[in-house]
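Novice: I have a structure here, written as structure tokens, and I will follow up with some questions on it.
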Amino acid sequence: MGDGTWYEDDDAAGPVVRPYALTGGRTRYEGADLDLVALIAAVDPPESEQDSAAASPLAPEHHMILELCRTPLSVAEIASDLELPLGVVRVLLGDLLDRSLLQVRRPAPVAQFPSERVLKEVIDGIRAL
């Protein structure tokens with residue numbers, strides 16, 4: 001299996017907790033689809049949610065996400081900053097969304113470009129001037 005080497009430096013040992021342990025074995029968030037470029041921002045929870053949050057405390061990774069998202073970040077940036085797989089981050093974000101601790105801002109839709117015919121008509125109109 002392994003060579004039996006023990007690492008003194010935590011960085012050399014790699015991640016200590018497997019990703020499935022962070023998510024409780026869940027592999028995806030069943031709520032809204034979280035795009036890579038969706039902006040995530042932390043919000044103050046409603047008072048009713050504060051009571052339920054006290055009953056079931058958050059994991060350290062949830063607290064790290066809330067701290068990071070004081071300034072809106074994309075899902076990809078959060079995964080990069082936490083050095084966690086994207087799937088794990090989506091599940092953790094879903095937990096926080098279910099508790100109303102985060103707000104998701106969808107990216108603006110891509111602008112529709114005019115057709116080639118419309119562009120030719122504009123050019124012809126400009127030339128006619």
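Every number here is computed from the coordinates shown, using simple stated rules; none is lab data. None of the values given here were measured: they were computed from a predicted structure. Neighbour counts run over all protein chains shown; Cβ positions are idealised from the backbone, glycine included.
Novice: Residue under question is Leu68, and the condition is that it be surrounded by 14 or more Cβ atoms within 10 Å (Cβ to Cβ), in contact with a strand residue (DSSP E or B) (Cβ under 9 Å, 6 or more places away or on another chain) and either touching a residue at least 40 places away in the same chain (Cβ under 8 Å) or acidic (Asp, Glu) (or both); does it hold?
Specialist: no
Novice: Still on this model: Any chance you could count how many residues in the range 102-129 are out of contact with any strand residue (DSSP E or B) (no Cβ under 7 Å at 6 or more places or on another chain) and under 30 Å from Ile65 (Cα atoms)? Write out each step before concluding.
Specialist: Going through the range 102-129, the residues out of contact with any strand residue (DSSP E or B) (no Cβ under 7 Å at 6 or more places or on another chain) turn out to be 106-129.
From what is left, the residues that are under 30 Å from Ile65 (Cα atoms) are 106-110.
Residues flagged as out of contact with any strand residue (DSSP E or B) (no Cβ under 7 Å at 6 or more places or on another chain) and under 30 Å from Ile65 (Cα atoms) within the range 102-129 amount to 5.
Novice: Condition first: in contact with a Cys (Cβ under 8 Å, 6 or more places away or on another chain) and under 23 Å from Leu34 (Cβ atoms). Can you find one or more residues in the range 106-117 that meet it?
Specialist: Looking through the range 106-117, none of the residues is in contact with a Cys (Cβ under 8 Å, 6 or more places away or on another chain) and under 23 Å from Leu34 (Cβ atoms).
Novice: Glu61 is checked against (1) out of contact with any Leu (no Cβ under 7 Å at 6 or more places or on another chain); (2) crowded, with 16+ Cβ neighbours inside 10 Å; (3) of a type outside the set (A, V, I, L, M); (4) closer than 17 Å to Arg28 by Cβ and fails just one. What number does that condition carry?
Specialist: (1)
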